[in-house]
């Protein structure tokens with residue numbers, strides 16, 4: 001029904017495209033049965049097409065295929081490059097070649113189709129090919145024609161099922177002949193649900209031509225894959241691909257998927273999507289302070305000078321000028337500590353202006369009679385700088401004599 005609808009749809013599209021170029025008089029009816037000799041010729045004929053590389057040496061191709069099919073009297077005709085017709089001496093010979101496929105020439109799949117009396121040469125479909133597929137992992141108690149057919153139906157249309165015993169053993173394994181769509185990736189296996197457990201059954205393909213380890217499609221290698229570029233697959237670094245040689249029936253080893261399921265291989269850890277971090281070198285350079293904007297926070301307690309009334313000579317406190325000298329010395333010590341700390345922690349030294357240097361050096365030479373007693377020695381803890389303690393006494397004989405640079409004290 002679907003074929004008839006598709007045919008009518010195409011006829012309608014053809015008539016619409018032709019327009020006035022045709023009329024009802026251009027329709028020809030062919031009535032009558034097909035001649036017997038034509039039916040016999042069709043029954044002995046196969047059409048074949050190379051799936052991937054059509055340009056081959058004709059003499060080498062016909063010679064190799066005759067040896068592979070073990071036939072001498074077969075006529076090969078080239079319809080177009082890579083497209084041939086094969087006429088055999090008998091229908092049985094043709095059927096034997098068709099059933100024992102698939103066939104390949106130089107790892108290039110040769111897709112064969114039977115000749116149909118009412119189908120023109122240009123209308124054959126070469127996108128499907130039949131393969132014998134072995135089932136690996138099916139237990140003995142579940143090996144039956146119905147089970148094998150049910151599992152193999154997940155690959156494609158099942159044409160035949162066989163239960164075979166290996167050697168002298170009574171243990172039978174199942175395989176099925178399945179028509180596979182060559183435009184789809186090869187299936188690696190299926191999960192089988194039993195009454196109390198699950199099994200992983202793998203597919204092993206007989207006479208498998210070259211195929212891609214990246215996309216799993218027949219007809220090209222991974223280096224020529226358009227879906228997965230070779231540089232991004234990791235196959236050049238011998239990393240495992242999504243498909244591999246374990247799809248061939250010649251190898252009985254489990255695939256990586258089967259090894260994971262049956263505990264023959266460690267389960268790979270799940271990878272969480274993470275935001276890439278900034279490299280350590282770039283992070284350090286980004287966080288490194290510059291000489292212009294670096295203002296380190298040091299654990300220094302620099303006590304500023306408190307505002308006091310002008311002290312008169314002979315009082316029990318320091319005068320304003322002496323306190324100024326003491327404060328400048330404290331500030332100088334604090335700046336030196338800041339420089340040492342910046343060198344050890346950040347490797348940077350803040351530059352001081354020339355005017356500040358000149359001012360510090362000039363003020364440091366000023367005379368202070370209490371310099372030996374009031375200046376902060378290097379042994380003091382620079383994080384806890386305090387003012388020199390002052391003791392107030394009531395008796396005049398304990399008063400201290402305060403001098404200034406302008407007027408030295410008189411000798412008693």
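Each reported figure results from applying straightforward, stated rules to the coordinates on display, with no laboratory input. Values in this document were obtained by computation on a predicted structure and should not be read as measured data.
When you restrict to C-alpha pairs under 8 Å that are six or more residues apart and normalise by the size of segment 79-172, the relative contact order lands at 16 percent.
Shape of segment 128-261 from its Cα gyration tensor (a ≥ b ≥ c, root eigenvalues): rounded if a/c is under 1.5, otherwise prolate when a/b > b/c, or oblate? Note, shape of segment 128-261 comes out prolate. Seen through its C-alpha gyration tensor, with square-root eigenvalues sorted a ≥ b ≥ c, segment 21-114 comes out oblate because a/c lies at 1.5 or above while a/b is not bigger than b/c. For segment 1-160, the gyration tensor built on C-alpha atoms gives an oblate shape. Its axis ratio a/c (a ≥ b ≥ c) is at least 1.5, and a/b is not larger than b/c. Sequence-distant contacts, meaning Cα pairs under 8 Å at least 6 residues apart, place the relative contact order of segment 36-121 at 45 percent.
Sorted largest first, the principal axis extents computed over the alpha-carbon atoms of segment 80-187 equal 50, 32, 31 Å.
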